[in-house]
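Everything on this sheet refers to the single structure shown next.
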Amino acid sequence: MTHVSQSIRIKLITILLITLFSFSYTQAGELSPELQVKLNIYKTKLTKWAKDPVIVKAVMQANNHKTKMDNRTWKKLSVSDAKVKPFLTSPAGKKLFAWEQDKKLGKLFLRDKTGNLVAGSKKPAIFNIANRPAFTKAIRGKIWNSKKPKADPTTKLSSIQLSIPVINNGKEIGVLHTSIIAN
């Protein structure tokens, strides 16, 4: 075998192995190594952000007030509606919007202890996520992420969901939730 054909053979085998390796990640429902690195970076960032005094204060205030909004009513509201604006323009909403500007995140939402929206970088598709893993896992003190990319309900972009508990005095009081864009 000539040196050139051996080199081509090695390249083809390498391409085949990389393709099979990538395919096995997709088939197993695991994240690609590149997406796992991105996820780990945002786990660290969200953990820090969840301790921000503006974020903690907003959740504590929301936990002391009853919200009279349901998902059906929320879906009918436009982003410019007077009932939506406070969630986007509050100090916490402005902070979430600023953090989201790195363009690797599709959204950032802050939730109270019952899953209701406290603040957001944009209007979420759903006001209360109390029965979704993004909330149920994080409110119990666990960092949670989806296992594979799929279309985000709010942004429609292929994303990994990530949720971090917001903790005050050692107790879970809310959840900081994002989507990490997969592409």
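The values are calculated or read from the model by the stated rules, or taken from the named source; none is laboratory data. Just so we're clear, the structure is a prediction, and the values are computed from it rather than from any experiment. Glycine also receives a Cβ, built like all others from the backbone with ideal geometry; neighbour counts cover every protein chain displayed.
Scanning the stretch 68-80 for residues that are under 23 Å from the mean Cα position of the chain (by Cα) and not charged (D, E, K, R) gives 69, 71, 74, 77, 78, 79. Need the failing condition index for residue 88 against (1) without any contact (Cβ under 8 Å) to a residue 24 or more places away in the chain; (2) closer than 30 Å to residue 169 by Cβ, just the number. Condition (1) is where residue 88 drops out. None of 68, 57, 103 is within 24 Å of residue 180 (Cβ to Cβ) and either in contact with a helix residue (DSSP H, G or I) (Cβ under 9 Å, 6 or more places away or on another chain) or not in a helix (DSSP H, G or I) (or both) except 103. Residues satisfying the criterion are absent from the stretch 17-34 (criterion: surrounded by 10 or more Cβ atoms within 10 Å (Cβ to Cβ), at pLDDT 95 or above and in contact with a helix residue (DSSP H, G or I) (Cβ under 7 Å, 6 or more places away or on another chain)). Here is a list: 182, 92. Which entry is surrounded by 14 or more Cβ atoms within 10 Å (Cβ to Cβ) and farther than 14 Å from residue 59 by Cα? Exactly one residue qualifies, and that residue is 182. Evaluate the following for residue 106: is it in contact (Cβ under 8 Å) with a residue 12 or more places away in the chain and surrounded by fewer than 15 Cβ atoms within 10 Å (Cβ to Cβ)? Answer is no for this residue.
Conditions tested, residue by residue: (1) surrounded by 12 or more Cβ atoms within 10 Å (Cβ to Cβ); (2) of a type in the set (Lys, Arg); (3) in contact (Cβ under 8 Å) with a residue 12 or more places away in the chain.
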| residue | (1), (2), (3) |
| --- | --- |
| 43 | yes, yes, yes |
| 48 | no, yes, no |
| 67 | yes, no, yes |
| 70 | no, no, yes |
| 79 | no, no, yes |
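Among all residues of the stretch 111-119, there is none that is at pLDDT below 95 and assigned by TED's automatic domain parsing to the domain that holds residue 63. Within the stretch 134-174, the set of residues being touching a Ser or Thr at 6+ places or on another chain (Cβ under 8 Å), at pLDDT 95 or above and farther than 22 Å from residue 37 by Cα comprises 135 only. Hey, could you check the stretch 141-162 for residues that are assigned to a strand (DSSP E or B) and not aliphatic (A, V, I, L, M) and say which is surrounded by the most Cβ atoms within 10 Å (Cβ to Cβ)? Result: 159.
For residue 118, the conditions (1) assigned to a loop (DSSP other than H, G, I, E, B); (2) over 30 Å from residue 34 (Cβ atoms) are fulfilled apart from (1). Here are 75, 83, 123: which of them is without any contact (Cβ under 8 Å) to a residue 60 or more places away in the chain, surrounded by fewer than 20 Cβ atoms within 10 Å (Cβ to Cβ) and either assigned to a loop (DSSP other than H, G, I, E, B) or among the polar types (S, T, N, Q) (or both)? On inspection, the qualifying residue turns out to be 83.
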